[in-house]
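Have a look at the structure below, then the notes.
The values are calculated or read from the model by the stated rules, or taken from the named source; none is laboratory data. Remember, predicted model here, so these are calculated numbers, not experimental data. All Cβ positions, even for glycine, are placed from backbone atoms using ideal geometry, and neighbour counts span all protein chains on display. Areas reflect the complete protein model, heavy atoms only, side chains present, ligands, DNA and RNA absent. Shrake-Rupley method; radii C 1.70, N 1.55, O 1.52, S 1.80 Å.
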Amino acid sequence: MSDIAVILPDGTELSVEEGATVRDAAFAIGPGLGKDTVAGVVDGELVDKETPLHDGADLVIVTDQSDEYLDVLRHSAAHVFAQALQRLHPEAKLTIGPWTDDGFYYDVTSVDLEQEDLEAIEDEMRDIIEEDLDIERVLVDREEALEKYADNPYKRDILETEAAGDDELSFYQQGEFEDLCKGPHVESTGEIGAVKLLNISAAYWRGDEENDTLTRVYGTAFESESDLEEYLDMREEAKERDHRKLGQELNLFAIDETTGPGLPLYQPNGKRILDELADYAKQLNLDAGYDPVETPHLFRTELWKKSGHYENYVDDMFLLDVNDEEYGLKPMNCPGHATIFDQQSWSYRDLPVRYFEDGKVYRKEQRGELSGLSRVWSFTIDDGHLFVRPDQIEDEINLIIDNILTVFDTFGLDAEVALATRPEKSVGSDEIWEQAETQLRAVLDDSGIDYGIEAGDGAFYGPKIDFAFKDALGRKWDGPTVQLDFNMPDRFDLTYTGEDNEDHQPVMIHRALYGSYERFFMVLIEHFNGKFPFWLAPEQVRILPISDDQMGYAKKLQYELGDFRVDIEDRSWTLGRKIREAQTDRVPYMVIVGGDEEEDGTISVRDRKEREAKDVSVEAFRDHLQSEYDEKRPEPDFLADEE
Ligand SMILES: [Zn+2]
Ligand SMILES: [Zn+2]
């Protein structure tokens, strides 16, 4: 038998016999590891340990100590759910049940389920875990598999599409239950420490609204009860902070049925925050040598054909027919910026050229996927495109990474960084991709930043570095990206004159600092729980006159603090109620004025952390606000200074 070589995470090659599985490779590394193997990651995909390896495969062995173990555990919990469901509701038909970032779901049909039914199913799941059933992988031939699913058109659909080429299909059995599945799974149901069913929603078969509606049951699983408890507490807190809830309570944004789904409307409070964010990004961009540009919301599809968006992206584009000519709302800003670059002739000395624009884009997401500001049809990217010489790539990417990390720092968000490589649908030659990926890897390696690999997650025109926001609750959200693009300059035939007086092609870099304003705003609302830093707060100071007698003094103060967003509480409520209202509205500072303050020409200040200071001079307060604003401090700290 001939040997094949697989590549281990440290870059070393391991030689194994042809036909060897993930588990065989693990045993070849060491018998201890072989015994501990739960699954494998082959070329970025989590697979069963019995999966045969191919020559040149990237292999990571998964044990119960690996991050991926939780995915395996949760997917196994999905099977336990399906088993419990069929014990209690034998009429239920199963479709698919994958793991997710924080649990699992199973899409089922032919069964009437309500939220109240989940408890009984959950109890049954605990019984199945208690029974500690072995989970066994069984290979079944195609005929038999089709027979098993004679009355389940969804499983048959899987057999006839994804699994069309397989003569043998893998089923996983536990006790009386079996399910068509590629795995991987844990060894027995007893390995699943804690489970919880969370909620029910509707879903479409294969996510297509033309298809049948299914019932999706979400759940989660952990290795221990305490991990589950911690997660459920975090989830409760997240519900309280939900940006859709706070967006309404704080009058930040609205999505209106009449104006359309996925099309956010920003109220004055929301727009004030967005403007501050835009000003901050603009200043960072100007300081980093970017020039502002502007492009319209739609272009002739000629442009989208030239850029490659039409062939790769047309399903997600809004197309319009204008006088028998096709136009498309822009799903990206890049082709517009490339065209702007092309209007001038450039010398090697002019590069890098850096453009930025807060560009509104439109992408047709499935209606069922739309949610608050996290999934929308229209959103604004704080978009930047750089046109650089090949020898400038490394320096420019380093500068961009610096700027992005500055943004994370300003908002107190942690960053998680990953290199996303070539996807299945892509343009450009193998050499170009190889070169681009190598360069991004080199910059990341030199920078000393900890990063992961997202195999196949790159843009269709080039690899990228993805930054994820980690918020105050430890949740991860997609953030800004830096993308290297050797393809679009080629498609647009962009050139600059080199030192040798010949035409050369610049390299394009796509980057954002926030990603999209919508996504970033959502992250900030939930991260800060609506308690925005002073510089962002839509209402920064609220003056609370103790009685109507101080209304004149209150107006004078509002004028004196005129550089900031200051409102006066003019409802004739008790002071206690006025304070509670300002607290609910999350106003950073309350200025309380009564007869004494008016007489002395001073103010009393209270912050939303319930700290107080009396006899404060208006000038000292104003100076403090200015420095807090300029330094973009994440927390009000006026009274801390006083102590
Ligand atoms: Zn499975
Ligand atoms: Zn771009």
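Listing for the model above:
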| item | result |
| --- | --- |
| Selected residue [buried (at least 17 other Cβ atoms within 10 Å of the Cβ), under 28 Å from Phe299 (Cα atoms) and either within 16 Å of ligand 1 (Cβ to nearest atom) or under 26 Å from the mean Cα position of the chain (by Cα) (or both)] from Arg363, Arg367 | Arg363 |
| Boolean, Ile603 is touching a strand residue (DSSP E or B) at 6+ places or on another chain (Cβ under 6 Å), open to solvent by less than 30 Å² (accessible area, probe 1.4 Å), without any contact (Cβ under 8 Å) to a residue 60 or more places away in the chain and β-branched (Val, Ile, Thr) | yes |
| Odd one out for Asp127 among (1) modelled with pLDDT of 95 or more; (2) buried (at least 16 other Cβ atoms within 10 Å of the Cβ) | (2) |
| Residues of the stretch 90-149 classified as of a type in the set (Gly, Ala, Ser) and either in contact with a Gly (Cβ under 6 Å, 6 or more places away or on another chain) or outside any loop (DSSP other than H, G, I, E, B) (or both), total | 3 |
| Count of residues meeting criterion [open to solvent by less than 80 Å² (accessible area, probe 1.4 Å), over 24 Å from the mean Cα position of the chain (by Cα), closer than 19 Å to Arg491 by Cα and not polar (S, T, N, Q)] in the stretch 263-316 | 5 |
| Which listed residue is touching a residue at least 60 places away in the same chain (Cβ under 8 Å) and surrounded by fewer than 18 Cβ atoms within 10 Å (Cβ to Cβ), from Pro390, Pro423 | Pro390 |
| Scope the stretch 328-346; condition assigned to a loop (DSSP other than H, G, I, E, B), open to solvent by less than 40 Å² (accessible area, probe 1.4 Å) and either away from ligand 2 (no atom under 13 Å from the Cβ) or among the hydroxyl-bearing types (Ser, Thr, Tyr) (or both); matching residues | Trp346 |
| Filter pass, Leu524 being within 19 Å of Pro268 (Cα to Cα), in a helix (DSSP H, G or I) and away from ligand 2 (no atom under 16 Å from the Cβ) | yes |
| Flag if Glu187 is open to solvent by 70 Å² or more (accessible area, probe 1.4 Å), under 29 Å from Leu232 (Cα atoms) and within 16 Å of ligand 1 (Cβ to nearest atom) | yes |
| Meets criteria (surrounded by fewer than 17 Cβ atoms within 10 Å (Cβ to Cβ), under 29 Å from Leu473 (Cα atoms) and touching a strand residue (DSSP E or B) at 6+ places or on another chain (Cβ under 6 Å)) for Asp409 | no |
| Yes/no for Leu85 being out of contact with any Ser or Thr (no Cβ under 9 Å at 6 or more places or on another chain), touching a residue at least 12 places away in the same chain (Cβ under 8 Å), in a helix (DSSP H, G or I) and closer than 30 Å to Ala150 by Cβ | yes |
| Some residue of the stretch 368-389 being modelled with pLDDT of 90 or more, in a helix (DSSP H, G or I) and either hydrophobic (A, V, I, L, M, F, W, C) or in contact with a Gly (Cβ under 6 Å, 6 or more places away or on another chain) (or both) | no |
| Test: residue in the stretch 434-443 that is open to solvent by 50 Å² or more (accessible area, probe 1.4 Å), among the basic types (Lys, Arg) and in contact with a strand residue (DSSP E or B) (Cβ under 8 Å, 6 or more places away or on another chain) | yes |
| The stretch 149-174, subset within 15 Å of ligand 1 (Cβ to nearest atom) and open to solvent by 40 Å² or more (accessible area, probe 1.4 Å), residue nearest to the chain's Cα centre (by Cα) | Glu162 |
| Pick from the stretch 93-110, criterion touching a Pro at 6+ places or on another chain (Cβ under 9 Å) and open to solvent by 10 Å² or more (accessible area, probe 1.4 Å), ranking: nearest to ligand 2 (Cβ to nearest atom) | Tyr105 |
| Top-ranked residue in the stretch 480-512 [being in a strand (DSSP E or B) and more than 15 Å from ligand 2 (Cβ to nearest atom); ranked as most open to solvent (accessible area, probe 1.4 Å)] | Asp503 |
| Tally, over the stretch 202-215, of residues that are open to solvent by less than 70 Å² (accessible area, probe 1.4 Å), in contact with a helix residue (DSSP H, G or I) (Cβ under 9 Å, 6 or more places away or on another chain) and assigned to a strand (DSSP E or B) | 2 |
| Residue count for the stretch 216-240, restricted to those that are more than 29 Å from Gln65 (Cβ to Cβ) and open to solvent by less than 30 Å² (accessible area, probe 1.4 Å) | 1 |
| The stretch 31-48, residues that are acidic (Asp, Glu), open to solvent by 20 Å² or more (accessible area, probe 1.4 Å) and under 19 Å from Cys181 (Cα atoms) | Glu45 |
